[in-house]
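Q: Got a structure for you, written out below as structure tokens; questions coming shortly.
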Amino acid sequence: MIIPKTPEEIKIMRRCGKIVAEFFEEVEKIIRDGVSAKEIDKLAWEIAEKRGGKPSFYGYKGYPAAVCVSINNEVIHGIPDEKKIIREGDVVSVDYGVFYNGFHTDAAKTYIVGRVPERVKLLVDVTRNALYEAIKFVKPGMRTGDLGNFIETFVRSYGFSVVRDYCGHGIGRNLHEEPPILNYGREGTGIRLVENMTICIEPMVTMGNGRVRVLQDRWTVITSDGSLSAHFEHTIKIGDWENEILTE
Ligand code: MF3
Ligand code: CO
């Protein structure tokens, strides 16, 4: 059973989401050639703590950092450290969640550092648009399979692939709640979405075939074919006529 959030709970999640949004605004200012992923992690700790929250990911199933920084062929769950240096031409996906007053919110964004080929810009634009179009598409009464089908169809129309091994999720008192929000699916299948559910939609898209594997560190997910990838995510509240993005 998925229990929709009360207005009071959503109020807390809205404040929580603002902290996440503030982090991404700050990342935007510091991300450039020569910056290490560790500096982004430092920012993630500072902002959560300054606002009275905690990073959601630290300690989650043993995850060792506050944020995920995944570069180029890394899709998700890249672990930041000082040796991981961002370079001109990199495609950098940053994923961050905050726990505040009993609730989580979670978002991700892919940054292009410097100049990249047009097709790489397209990859990032398509992934971002897949998220924003999906947010507009979701309506109460719709099923998760309808949403997944919409995202995959959108991505495929540009010749890119969604990653099928990982997905979005419900969110609230737990970082991951029901229902799973897959980036593919069949129309008319899956769990019915209702008003005041809070979910994370997070398309992960690659230039290649979408297959992935996990590195020896047991976290970093990379593309099997070495292709570039992008990842965007927002926490949203499903509304009767419009969905609210809580992490913006
Ligand atoms: N945005 C990712 C998710 O929703 C981040 C999880 S990283 C982890 O699953 F370290 F917390 F697992
Ligand atoms: Co998520």
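Q: It is to be established whether one or more residues within region 48-59 are of a type in the set (Asp, Glu) and closer than 18 Å to Phe99 by Cα.
A: Yes, that holds for at least one residue.
Q: Against the conditions (1) outside any loop (DSSP other than H, G, I, E, B); (2) within 18 Å of Ile40 (Cα to Cα), where does His104 fall short? Just the number, please.
A: (2)
Q: Turning to a different aspect of this structure: Within region 188-209, count every residue that is open to solvent by 10 Å² or more (accessible area, probe 1.4 Å) and either touching a helix residue (DSSP H, G or I) at 6+ places or on another chain (Cβ under 6 Å) or farther than 22 Å from Ile236 by Cα (or both).
A: Residues flagged as open to solvent by 10 Å² or more (accessible area, probe 1.4 Å) and either touching a helix residue (DSSP H, G or I) at 6+ places or on another chain (Cβ under 6 Å) or farther than 22 Å from Ile236 by Cα (or both) within region 188-209 amount to 6.
Q: Continuing with this model, one more query. Among the residues of region 214-239, write down those that are open to solvent by 10 Å² or more (accessible area, probe 1.4 Å), over 21 Å from Lys121 (Cβ atoms) and of a type in the set (Ser, Thr, Tyr).
A: The one that is open to solvent by 10 Å² or more (accessible area, probe 1.4 Å), over 21 Å from Lys121 (Cβ atoms) and of a type in the set (Ser, Thr, Tyr): Ser224.
Q: Quick check: anything in region 105-115 over 18 Å from Ile71 (Cα atoms) and open to solvent by 10 Å² or more (accessible area, probe 1.4 Å)?
A: No, there is no match, as no residue in region 105-115 is over 18 Å from Ile71 (Cα atoms) and open to solvent by 10 Å² or more (accessible area, probe 1.4 Å).
Q: Then there is this: Out of the residues in region 162-187 meeting the condition of being in contact (Cβ under 8 Å) with a residue 40 or more places away in the chain and open to solvent by 50 Å² or more (accessible area, probe 1.4 Å), tell me which one is nearest to ligand 1 (Cβ to nearest atom).
A: Only one residue tops the list, namely Tyr166.
Q: Somewhere in region 226-233, is a residue more than 13 Å from the chain's Cα centre (by Cα) and more than 10 Å from Asn73 (Cα to Cα)?
A: No, region 226-233 contains no residue that is more than 13 Å from the chain's Cα centre (by Cα) and more than 10 Å from Asn73 (Cα to Cα).
Q: Quick one: is Val20 within 22 Å of Met197 (Cβ to Cβ), buried (at least 24 other Cβ atoms within 10 Å of the Cβ) and among the hydrophobic types (A, V, I, L, M, F, W, C)? Can you show your working first?
A: On the way: within 22 Å of Met197 (Cβ to Cβ): yes; buried (at least 24 other Cβ atoms within 10 Å of the Cβ): yes; among the hydrophobic types (A, V, I, L, M, F, W, C): yes.
So Val20 fits the description; yes.
Q: Of Thr206, Thr189, which residue is β-branched (Val, Ile, Thr) and more than 18 Å from the chain's Cα centre (by Cα)? Walk me through it before giving the result.
A: On the way: Thr206 fails: more than 18 Å from the chain's Cα centre (by Cα).
Only one candidate passes the filter, namely Thr189.
Q: Another one. Give me the pairs: first residue in region 129-157 and touching a residue at least 24 places away in the same chain (Cβ under 8 Å), second residue assigned to a helix (DSSP H, G or I) and among the small types (Gly, Ala, Ser), beta-carbon distance under 8 Å, and six or more apart or on different chains, which are they?
A: Leu147/Ala134; Ile151/Ala130; Ile151/Ala134; Phe154/Ala130; Phe154/Ala134; Val155/Ala130
Q: I need every pair where a residue in region 61-84 that is under 19 Å from Arg211 (Cα atoms) and within 16 Å of ligand 2 (Cβ to nearest atom) has its Cβ under 9 Å from the Cβ of a residue that is outside any loop (DSSP other than H, G, I, E, B) and open to solvent by 30 Å² or more (accessible area, probe 1.4 Å), sequence separation at least 6 or different chains.
A: His77/Val214
Q: Sort out which residues of region 176-208 are of a type outside the set (Val, Ile, Thr) and in a strand (DSSP E or B), and write them in order of number.
A: Glu177, Glu178, Pro179, Pro180, Arg192, Cys200, Met204
The values are calculated or read from the model by the stated rules, or taken from the named source; none is laboratory data. Owing to the predicted nature of the structure, the values given are computational and were not obtained by experimental measurement. Cβ sites come from the backbone with ideal geometry, for glycine too, and all protein chains shown count toward neighbours. Note: accessible area is taken over every heavy atom of the protein model, side chains too, but ligands, DNA and RNA are not part of it. Shrake-Rupley method; radii C 1.70, N 1.55, O 1.52, S 1.80 Å.
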